[in-house]
Amino acid sequence: MTAPASPSPATPSGEVVMRTIAMPADTNNNGDIFGGWLVSQLDLGGAILARSTALSRVTTVAIDALTFHRPVAVGDIVTCYARLDRVGRTSMKIAVEAWVHRYSAADQQQVTSGHFTYVAIDGEGRPHPVKR
């Protein structure tokens, strides 16, 4: 017996960093959107916030946590929200959430949440302090 999914928050946390539409080419063998595609959207969204925070290039160094709450369907409008949780000397921890708006529903539903760590890097790819 599986435990019921924990209720997701009623509203997104953070700022909108990107929005896209889930397409048929991104489906898995069950007809849902492939989880790897969704992870890449979260990573891109988190990187957008990290880059604007560091005012430099950034690289993903860790996915600290990732939870899939609900499946994403073809045609869903996927919106990624990101929130800066912590800034270290060269690193940033960013919480990222994916929410969908389904054509058959009036409200958004949270589908994924995670925590990513990014590092500010210079032109040669070496870590450097985050500009504050």
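Please treat every number below as a calculation from the coordinates, not as lab data. Quantities reported herein were computed from a predicted structural model and do not represent experimental measurements. Cβ: placed from backbone, ideal geometry, glycine included. Neighbour counts: every protein chain shown.
Brief remarks follow.
- Ranked by how many other Cβ atoms sit within 10 Å of their own Cβ, fewest first, the residues 92, 18, 23 fall in the order 23, 18, 92.
- Calculated on C-alpha atoms, the gyration radius of the chain divided by its Kirkwood radius gives an Rg/Rh of 1.02.
- Which of 93, 131 has the fewest Cβ neighbours within 10 Å, and the rest in rising order: 131, 93
- Mean residue ellipticity (222 nm) of the chain, computed from DSSP H runs ≥ 4 via -39,500 (n - 2.57), nearest 500: -5000 deg cm²/dmol
- Ranking of 64, 43 by neighbouring Cβ atoms within 10 Å, starting from the fewest: 64, 43.
- Helix 35-54 axis, angle to the chain major axis (alpha carbon atoms, nearest 10°): 30
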